[in-house]
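> Mind looking over this structure? Questions follow.
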Amino acid sequence: MDSLISFVLNAAFLVSILSLVALGLGVIYGLLGVINMAHGELIAIGAYTVVVLTELGLPYWTALAVAPAVGMVLGMLLEATLIRRLTDRPLDAILVTVGLSLVLQQTLKAWFGATARSVPSPINGTFDLLGVSYPLFRVMIIVVATAIMALTFVFFVKSSFGLVVQAIFQNREAAVTNGVNAGKYNRIAFGLGTALAAFAGSLLAPSAAVLPQMGAFYLGPAFIAVILGGEKRLLGAVAGAAFMGGLEVFIGDTFTRTWGRVGVLILAIIVIRMWPGGLVREPKARVA
Amino acid sequence: MAKENEITTSEQASMGVGRRQMLKTSLGMGAAAALAPVLAACGSDAGSGANSSGTDPEAGSDPTDNPGGSDSSATGEAIKVGFMTDLTGITANLGDIQDKCFNLAVNQINSSGGIAGRPIEFITEDTGADSTQTIEKATKLALEDEVVAVIGLITSLVREAALTVLPSEKVPLLYTTYYEGAASGAVACDPYLIGTGQVPNQQIEPLVPYLTENVGTTYTVVGSDYIWARGTTEVLEELVAKEGGNVKSSTFYPFGTTDFGPFFQQLEEDDPDICWVTLAGTDFSTFLKQYEQFGATAKLVSPAMDEVFAATSPGTGVGTLTSQSYFSTVDNDENTKFLEDYQAAYGEDALVNSIGEATYNAVWILKEAIEAADGDSDPEKWIPKLSEVDFASPSGTIGVDADTQHAVSNNYIGELTEEGTIRILETSEGNVPQVNGCVLS
């Protein structure tokens, strides 16, 4: 029983962070067709934002609000200067964003040094759930991340902005033909995606060593989560993240931690081979 | 039912590439990114290009701009030495310290007559904490630069990589980090390998009885999934069994792990006296933060804890016990002088640790051995003279054991204080290295 509860909590923690990262990637991939290889660095930028602000004496909670804004602004700038030119060239986009990732990583290293930075934990103490004590701060992360995910969904489903985005997801050409200014949506969507990554980074900052390459741990699984998720980009990304995170903890609990990492990738490959459409698919009827 | 025409129009319409190809490309990239640390940990042919932990292609420094070369009173033909460490990658903070210690030793030696009147000239290369890059750089140092020895290196991953190259080119490696010795099948007994750091019997043999007496005899192990952590655990298991205790479980995580949540459930189930940590570099910092968040109470013991590490996560891990050949709190004249020179060169706040001190010692050991061979820098001449080395190092007097070619050194058991220093609790002197029946002499 104890191990079941602890599995659920640990899986929920990993999945909630992974979902935020995957959701950001999914929004960008769905709308721009760009696989953003620099997404991991945006996670680090979110975490470094917290480092800088808390070192200036501001409370962690303020930093938590500022980090996604930094991510958003940076993302929109990158879209305007770089990504805009790559929307219809997915392979070039991978190359360019890999380059961007190196530039960002080395820039962070130049500014903050190669040594890990650290942020004090804003909430101490543990939370007792049916005999398993779990850190309060982790419970908070699960709750906050879930809330942000829910907000993102509401935004994309209920707002008129979200509806247009959904239309672009489904058929970009038709949407453009119907008068949608795709450029504007691209910029905001890219910004939203990077804001989600930065937010994930700011949530992680107090419980991890803050490093330029810290995003790598989440980036790989998040990529696979997006691909695994399939055509319903947003729901798919979260479903994919649940698959990747849940199974990684499960296989890790059952066998070894390294097999947790490797095994989940093998399973993902099998799933994608068998169901190339992904876990969450669009109805097939309206193929032209 | 994987039919390629069963795709929706969104990707088709917007891209010049089919979904299938997109899938393949992105899956490959994702898998490469996700697996890079795992592959690196296996020491296999991890492509350095896919390694997102940062493999800086530009390595090393130009020997001409090194301060040591210019004002030397040594006038003979220069002795060319290679220096390799992790200037980039996950252990870059440690590489930086080895780099400083190496430079300090070279400058001191060159400004006081060099090695038998010959100045040291050196070439610095970056391993990138990556095995492929290490092999390339070691090959370059041996074949192109024709160095008389290579000094440095941190993780077992890069040491094993360098040892695939250097011995066959007859270039000795002075390895400057404590490591697992012959455990886990590591290369530890080779005529071209000289160890200036500790092997497990020197580091752990004094520690385990101390723990039995002062803490307890049950252990839970958590480490990074690589040879040092696994090898040290093997040695630990044997020693703990001798003491009548047991290692309840051991868990190894891939490099770059940022979430140790599941381990704490294991720790709670085991409820050991001691939580033995052999996580590498920044993974250890992350672990300590989470150790506190989870409110775990087992006594933390880590042979990897030192002042440099403590500075990376201030305030965490206070009270952790450690055991190494050097801490900057070692109390003797040589250490006082060493710290003065070190801080004069690199600033008041510059920290140093045992692998830095062992790097510093390595240069002096090389000097003493070559001088014992009448200034002949040919390895065949000076390697047999290593056993004559008797150097008053910052950690106490050290020599080199003729059988194993590893340093005979002191060991200090210490505890991390709130100020981030190590309070020394127990000293054992002149520990002789044991490397599984290795007899090189």
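> So, in the stretch A:92-103, exactly how many residues are surrounded by 16 or more Cβ atoms within 10 Å (Cβ to Cβ) and within 11 Å of another protein chain (Cβ to nearest Cβ)?
Selection size over the stretch A:92-103: 6.
Yes/no per residue for (1) surrounded by fewer than 15 Cβ atoms within 10 Å (Cβ to Cβ); (2) β-branched (Val, Ile, Thr):
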position	(1), (2)
A:Gln106	no, no
A:Trp111	yes, no
A:Ala114	no, no
A:Leu129	yes, no
A:Val132	no, yes
A:Phe137	no, no
A:Ile142	no, yes
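Conditions tested, residue by residue: (1) more than 13 Å from every other protein chain (Cβ to nearest Cβ); (2) more than 23 Å from A:Asp88 (Cβ to Cβ); (3) touching a helix residue (DSSP H, G or I) at 6+ places or on another chain (Cβ under 7 Å); (4) touching a residue at least 40 places away in the same chain (Cβ under 8 Å).
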| residue | (1), (2), (3), (4) |
| --- | --- |
| A:Ala150 | yes, yes, no, no |
| A:Phe153 | yes, yes, yes, yes |
| A:Ser159 | yes, yes, no, no |
| A:Val164 | yes, no, yes, no |
| A:Ile168 | no, no, yes, yes |
| A:Ala175 | no, no, yes, no |
| A:Asn178 | yes, no, no, no |
| A:Asn186 | no, no, yes, yes |
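> Report yes if some residue within the stretch B:292-303 is among the polar types (S, T, N, Q), closer than 19 Å to B:Gln324 by Cα and touching a residue at least 12 places away in the same chain (Cβ under 8 Å); otherwise report no.
yes
> If you don't mind, there's one more thing I want to ask. Considering B:Thr251, B:Thr316, B:Thr257, B:Thr233, which residue is more than 11 Å from B:Thr220 (Cα to Cα), in the same structural domain as B:Thr218 (by TED's automatic domain parsing) and of a type in the set (Val, Ile, Thr)?
Being more than 11 Å from B:Thr220 (Cα to Cα), in the same structural domain as B:Thr218 (by TED's automatic domain parsing) and of a type in the set (Val, Ile, Thr) holds for just one of B:Thr251, B:Thr316, B:Thr257, B:Thr233, which is B:Thr257.
> Moving on. Please specify each residue of the stretch A:195-213 satisfying the condition of being part of a helix (DSSP H, G or I) and at the interface with chain B (Cβ under 9 Å from one of its Cβ atoms).
Answer for the stretch A:195-213, where residues must be part of a helix (DSSP H, G or I) and at the interface with chain B (Cβ under 9 Å from one of its Cβ atoms): A:Leu204, A:Pro206, A:Ser207.
> OK, next. Yes or no: B:Phe287 over 16 Å from the mean Cα position of the chain (by Cα), within 14 Å of chain A (Cβ to nearest Cβ) and in contact (Cβ under 8 Å) with a residue 40 or more places away in the chain?
Criteria met by B:Phe287.
> Continuing with this model, one more query. I'm trying to understand the selection: among the residues of the stretch B:330-349, which are surrounded by 11 or more Cβ atoms within 10 Å (Cβ to Cβ) and part of a helix (DSSP H, G or I)?
Correct list: B:Glu334, B:Asn335, B:Thr336, B:Lys337, B:Phe338, B:Leu339, B:Asp341, B:Tyr342, B:Gln343, B:Ala344, B:Ala345, B:Tyr346.
> Which residue is nearest to A:Ile148 (Cα to Cα), if the candidates are limited to the stretch A:191-224 and must be touching a Lys or Arg at 6+ places or on another chain (Cβ under 9 Å) and among the hydrophobic types (A, V, I, L, M, F, W, C)?
A:Ala205
> In addition: Go through the stretch B:90-106 residue by residue and tally those that are in a helix (DSSP H, G or I) and facing another protein chain (nearest Cβ under 9 Å).
The number of residues fulfilling the criteria is 4.
> All but one of (1) at pLDDT 95 or above; (2) surrounded by fewer than 24 Cβ atoms within 10 Å (Cβ to Cβ) hold for B:Glu292; which doesn't?
Exception for B:Glu292: condition (1).
> Take the residues in the stretch A:104-119 that are more than 7 Å from chain B (Cβ to nearest Cβ) and in contact with a strand residue (DSSP E or B) (Cβ under 7 Å, 6 or more places away or on another chain); name whichever of them is nearest to A:Ala216 (Cα to Cα).
A:Arg117
> If you don't mind, there's one more thing I want to ask. Looking for something modelled with pLDDT of 95 or more and in contact with a helix residue (DSSP H, G or I) (Cβ under 7 Å, 6 or more places away or on another chain) - is there at least one such residue anywhere in the stretch B:84-92?
Taking every residue of the stretch B:84-92 in turn, at least one turns out to be modelled with pLDDT of 95 or more and in contact with a helix residue (DSSP H, G or I) (Cβ under 7 Å, 6 or more places away or on another chain).
> Kindly establish whether A:Ala216 is within 13 Å of chain B (Cβ to nearest Cβ), touching a helix residue (DSSP H, G or I) at 6+ places or on another chain (Cβ under 6 Å), over 17 Å from A:Val15 (Cβ atoms) and small (Gly, Ala, Ser).
Yes, satisfied.
> Further, regarding this structure: Mind telling me which of the residues A:Pro122, A:Pro68 ends up being surrounded by 16 or more Cβ atoms within 10 Å (Cβ to Cβ), within 21 Å of A:Leu20 (Cα to Cα), more than 8 Å from chain B (Cβ to nearest Cβ) and modelled with pLDDT under 90?
A:Pro122 is the lone residue from the list that is surrounded by 16 or more Cβ atoms within 10 Å (Cβ to Cβ), within 21 Å of A:Leu20 (Cα to Cα), more than 8 Å from chain B (Cβ to nearest Cβ) and modelled with pLDDT under 90.
A quick yes/no check of all residues on (1) among the hydroxyl-bearing types (Ser, Thr, Tyr); (2) away from every other protein chain (no Cβ under 14 Å); (3) touching a Cys at 6+ places or on another chain (Cβ under 9 Å):
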position	(1), (2), (3)
B:Phe294	no, no, no
B:Leu300	no, yes, yes
B:Phe327	no, yes, no
B:Leu351	no, no, no
B:Lys367	no, yes, no
B:Pro379	no, yes, no
B:Lys385	no, yes, no
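> Out of the residues in the stretch A:227-253 that are over 16 Å from A:Phe13 (Cα atoms) and at the interface with chain B (Cβ under 8 Å from one of its Cβ atoms), which is nearest to the chain's Cα centre (by Cα)?
A:Ile227
> Related question: What is the number of the single condition among (1) within 13 Å of B:Ser354 (Cβ to Cβ); (2) away from every other protein chain (no Cβ under 14 Å) that B:Asp333 does not meet?
Here B:Asp333 clears every test but (1).
> Is it true that some residue in the stretch B:109-130 is assigned to a helix (DSSP H, G or I), more than 27 Å from B:Pro191 (Cβ to Cβ) and in the same structural domain as B:Trp382 (by TED's automatic domain parsing)?
yes
> Of the conditions (1) facing chain A (nearest Cβ under 10 Å); (2) crowded, with 22+ Cβ neighbours inside 10 Å; (3) not in a helix (DSSP H, G or I), B:Cys275 satisfies every one except a single condition; which number is it?
The single condition B:Cys275 does not satisfy is (1).
> Just to be sure I understand, how many residues within the stretch A:235-254 are over 19 Å from B:Ser224 (Cβ atoms) and buried (at least 24 other Cβ atoms within 10 Å of the Cβ)?
So the count comes out to 7.
> What residue, among those in the stretch A:125-148 that are among the aromatic types (Phe, Trp, Tyr) and in a strand (DSSP E or B), is nearest to the other protein chains (Cβ to nearest Cβ)?
Filtering first and then ranking leaves A:Tyr134.
> Specify which of the listed residues (A:Ala145, A:Ala197, A:Ala93) is touching a His at 6+ places or on another chain (Cβ under 6 Å) and touching a residue at least 60 places away in the same chain (Cβ under 8 Å).
Checking each option against the conditions leaves just A:Ala197.
> Sticking with this structure for a sec: Which residue is surrounded by the fewest Cβ atoms within 10 Å (Cβ to Cβ), if the candidates are limited to the stretch B:242-256 and must be within 20 Å of B:Leu157 (Cα to Cα) and without any contact (Cβ under 8 Å) to a residue 60 or more places away in the chain?
My answer is B:Thr251.
> Can you name the strands (runs of 3 or more DSSP E) wholly within the stretch B:161-271 that have at least 3 residues being modelled with pLDDT under 95 and within 14 Å of chain A (Cβ to nearest Cβ)?
B:246-253
The values are calculated or read from the model by the stated rules, or taken from the named source; none is laboratory data. On a predicted model such as this, the values are computed, not experimentally measured, just so you know. Neighbour counts are summed over all protein chains in view; Cβ atoms, including those assigned to glycine, are modelled from backbone coordinates with ideal geometry.
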